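Only one structure is covered here, and it is reproduced in the block below.
The values are calculated or read from the model by the stated rules, or taken from the named source; none is laboratory data. As the structure is a computational prediction, the values presented were derived from the model and not from experiment. We place every Cβ from the backbone using ideal geometry, glycine too, and count neighbours over all the protein chains shown. Surface areas here come from the heavy atoms of the whole protein model, side chains and all, with no ligands, DNA or RNA. Shrake-Rupley method; radii C 1.70, N 1.55, O 1.52, S 1.80 Å.
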Amino acid sequence: MSAASIRAQAEDLRRQIDYHNYRYYVLDDPEIPDSEYDRLMRELQALEAAHPELITPDSPTQRVGAQPLKEFAEVRHAIPMLSLGNAFSDEEMADFDERVRKLLNVEQIEYSAEPKLDGLAISLRYEKGVLVQGATRGDGHRGEDVTSNVRTIGAIPLRLLGEGWPAVLEVRGEIFMPKKGFEELNRRARKKGEKTFANPRNAAAGSLRQLDPKITATRPLSFYAYGWGELSVEKLGDSYSDAMAVIKEYGLPVSPELKVVQGLQGCLDYFDAMARKRDSLDYEIDGVVFKVNDLQQQERLGFVSRAPRWAIARKFPAQEALTVVKDVEFQVGRTGAVTPVARLDPVEVGGVTVRNATLHNMDEVKKKDVHIGDTVYVRRAGDVIPEIVRVLPERRPKTAQEVVLPKHCPVCGSDVIKPEGEAVARCTGGLYCPAQRKEAIKHFASRRAMDIEGLGDKLVEQLVEQELIHDPADLYSLTRQQLMGLERMGEKSAQNLLDALERSKETTLAHFLYALGIREVGEATSQTLAQQFGSLEALEKASEEELQETPDIGPIVAAHIAAFFHQPHNREVIDKLLQAGIHWPAVETPSEEELPLKGKTFVLTGSLSRPRSEIKVELQALGAKVTGSVSKNTDYVVAGEAAGSKLDKARDLGVTILDEDGLKILLASTA
């Protein structure tokens, strides 16, 4: 292949990649899957590696490559990057509109409207269509040169699309971090034990000001253009909206929410619509920017002090505010999770008075170093429960108190445990604790547990709310008269439920153990425990060390089981259940001959002719282990219709695959 054809191939690949970046970042309408995009990029990388002389500064492969800086150089803005005036109410917005109309002597103004992104203002300078400089706003006159970092952001084109661009085009906009990217960044930081960011804006600013561009490249940053500075041409269009359409055609992302509205009422309607839409957006906004759309009118209006007369930011109520932690109390959730909740000095946040904030768990309390008496930033986003995002330790009073996890449940008095390696502390009074009552009874009655037919979730809620039952054992003391007093419960329905309760008394030890709802003790573990210990009495007396000798039971599950049976409240409920007549046949320990599938691991996938739980129990009765994922340790995969990725993985690993007929043959051979 000639040098000219190789160069043409490289240029063609760059054009394709730039085009697909435009489809993805600007139009939000990709034409090809990520895998095809990656293929194009790898092809270009290979070509440039083989022919380094073909590498250009604007090549998509050159987004990361600059050496770490010792410091940022200063950039002087040819046209100052000014701030905007703010309006905090409809009345202030009306005053702005009236001033503009009077200065222009017109009845109504056409405005452009777009969300005010909560990120970092940036200036992007393009010369002959190529990005040559990225600079922060700084003080409006002088900023910092962050070109190397800006080049790592996929949403910012290194070369403009199309042709006929101005020789100099300085685009201005906002670099921000999408919410999902922010959450993932903090998740990774927590996993590594590193400091987390308080909010997406801080994360974006911190990411852009890294001296090492390779660090910036790992951060999920994005960009929207909202204007321009220096131009080598007179104008890009007659109106702001027209000019932004041109910038979009050049390959720069523009807010998809950009809209032209008519007059003050159009502004108020747009603001209300964005306030409703705010929480569903994938990025943070703190208001709406309104600009006089006609560029000639903008020029006539001019500037005052450090802000243009033709634009204003209508701000949302603040979503963060300073307040003081007056106390920390602990709440118990329906699954037994014991969660710290901060009681605050009332403060207005996002238009709502906030008195409480979640602290998630004790690990979060320690990480944020929250003390009772601290001054804190509290944040509220939409309907999400307010949370403390940052503590101001410099304001901590001498009387501040450390937050301590209670040893006993604040609701029922049972022990609170926090297993090593787990973030959440839990109440161990699962059968007794009022906070967990509804969920404990629903689980107890479920089909795979005690299988009490007719006892659905709504009926359980009625029984608990009317205080007819306080624990699962109370179910067996219900009378026909009590049941008939419930909503939608006639004499026949009441009798049917009493009959179902009577039938449920005859069960197995494995089903009974599963019905108790011990944390992380599922059906398979219950079956294993029943086989290993043979009786409830032996299991209740077992130590954690003895429990860990049971197959597939590690220290965490052993701790959950021991803690459950250690609680007097739980044992009292179990005794009541046995006194009510619940019984099971003695557990017979099967011989090796009776466990022909012992040591074999099965995975069930796809649509089968009977419930998977039924097949699972049948396999476990023969000694097999049934898991949910395929690995090199899997012996058989039983695949029904529409089996997906598990079947593919089984084929890749060479695992034996059985259809239902094959399973029947296998089971028949063990008889």
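Side notes on the structure shown:
- Taking Cβ atoms as reference points and 12 Å as the exclusive limit, the residues near Leu498 contribute a net charge of 0, counting Lys and Arg as +1 and Asp and Glu as -1.
- Contour excess over end-to-end distance, with Cα ends at Ala538 and Ser89 and 0.36 nm allotted per residue: 154.7 nm
- Accessible area expressed per residue, segment 85-315, with surrounding protein chains retained (probe 1.4 Å, Å²): 45 Å²
- For segment 180-220, diffusion coefficient by Stokes-Einstein and Kirkwood Rh (Cα), 4 °C, 1.567 mPa s, µm²/s: 125 µm²/s
- Degrees separating the helix 491-504 axis from the principal Cα axis of the chain, which is the longest one: 70 degrees
- The mean sequence distance of close C-alpha pairs (under 8 Å, at least 6 residues apart), as a share of the length of segment 3-62, puts its relative contact order at 39 percent.
- The Cα center of segment 181-228 and the Cα center of segment 344-365 differ in position by 25 Å.
- Loop-located trypsin sites (Lys or Arg not before Pro) in segment 444-549 (DSSP state not H, G, I, E or B) with no more than 12 neighbouring Cβ atoms inside 10 Å: Arg447, Arg488.
- Between segment 18-55 and segment 242-256, the Cα center-to-center distance that results, in Å: 21 Å
- Ordering His20, Ala46, Gln62 by the projection of their Cα atoms onto the charge dipole of segment 3-62, which places +1 on the Cβ of Lys and Arg and -1 on the Cβ of Asp and Glu, puts Ala46 at the extreme positive end.
- With the simple model of a label 7 Å out from the Cα in the direction of the Cβ, Val233 to Arg76 spans 2.8 nm.
- The alpha-carbon atoms of the chain, seen along their principal axes, cover 92, 70, 54 angstrom, with the largest extent given first.
- GluC sites (Glu not before Pro) restricted to DSSP loop in segment 344-421 with at most 16 other C-beta within 10 Å: Glu420
- All other residues whose Cβ lies under 11 angstrom from that of Arg437 are scored, Lys and Arg at +1 and Asp and Glu at -1, for a net of -3.
- In degrees, nearest ten, helix 555-566 long axis to first principal axis of the chain (Cα): 50 degrees
- Carbon + sulfur, % of accessible area of segment 433-505 - ligands and nucleic acids excluded, 1.4 Å: 41 percent
- Derived scalar couplings between HN and Hα for segment 299-304 equal 4, 5, 6, x, 10, 9 Hz in order, rounded to whole Hz, by the Karplus curve 6.51 cos²θ - 1.76 cosθ + 1.60 (θ = phi - 60°), x for Gly and Pro.
- Heavy-atom accessible area per residue - segment 601-669, 1.4 Å, Å²: 54 Å²
- Glu107-Gln466 FRET efficiency (beta carbon distance; Förster radius 51 Å; 0.05 resolution): 0.20
- Positive-end residue, the chain charge dipole about Cα centroid, Cβ charges, pick of Gln527, Ile285, Met81: Met81
- The tail of the calculated P(r) for segment 433-505, taken as Cα-Cα distances beyond 19 Å, holds 24 percent of the pairs.
- Charge tally for Glu92 (other residues, Cβ to Cβ under 14 Å; Lys, Arg +1; Asp, Glu -1): -2.
- Taken about its Cα centre, segment 325-417 carries a charge dipole of roughly 100 debye when the Cβ of each Lys and Arg holds +1 and the Cβ of each Asp and Glu holds -1.
- Helix 263-277 axis versus longest C-alpha principal axis of the chain: approximately 30°, rounded to the nearest ten.
- Near the amide H of Gly517, within less than 5 Å, lie no amide hydrogens of residues on another chain or at least 5 residues away, with H placed in the peptide plane.
- On segment 265-393, 47 percent of the accessible area sits on carbon and sulfur atoms, based on a 1.4 Å probe.
- Its Cα centre serving as origin, the chain has a Cβ charge dipole (Lys and Arg +1, Asp and Glu -1) of approximately 1400 debye.
- Cα-centred dipole magnitude for segment 433-505, charges only on beta-carbon of K, R (+1) and D, E (-1), debye, nearest 20: 200 debye
- Contact order normalised by residue count of the chain, Cα under 8 Å, 6+ apart, percent: 9 percent
- Loop-located trypsin sites (Lys or Arg not before Pro) in segment 61-152 (DSSP state other than H, G, I, E, B) with a sparse environment of at most 10 neighbouring Cβ atoms within 10 Å: Lys70.
- Anisotropy class of segment 325-417 from Cα gyration tensor, a/c 1.5 cut: oblate
- Counting DSSP beta bridges with both ends in the chain, the antiparallel % (nearest 5): 80 percent
- Relative contact order (percent, whole number), segment 33-171, Cα cutoff 8 Å, 6+ residue spacing: 27 percent
- Percent breakdown of C-alpha pair distances by 10 Å bin, ordered from the shortest bin, for segment 3-62: 23, 53, 21, 3
- Sites Ser629 and Ala423 - FRET efficiency at Förster radius 22 Å, r taken between beta-carbons, to 0.05: 0.40
- Segment 85-315 shape via C-alpha gyration tensor axes, a/c threshold 1.5: oblate
- Projecting label points 7 angstrom from Cα along Cα→Cβ for Met41 and Asp139 puts them 4.0 nm apart.
- Taking the C-alpha atoms of segment 601-669, convex hull volume expressed per residue in Å³: 78 Å³
- Alpha carbon centroid spacing (whole Å) that separates segment 387-447 from segment 309-340: 20 Å
- Near-label residues of segment 91-121 by backbone N, under 14 Å of a point 7 Å along Cα→Cβ of Gln265: 108-109
- Segment Arg396-Ile55, extension gain: residue separation times 0.36 nm, minus the distance between their alpha carbons: 117.2 nm
- Rounded percent of accessible protein surface that carbon and sulfur make up, segment 3-62, 1.4 Å probe: 51 percent
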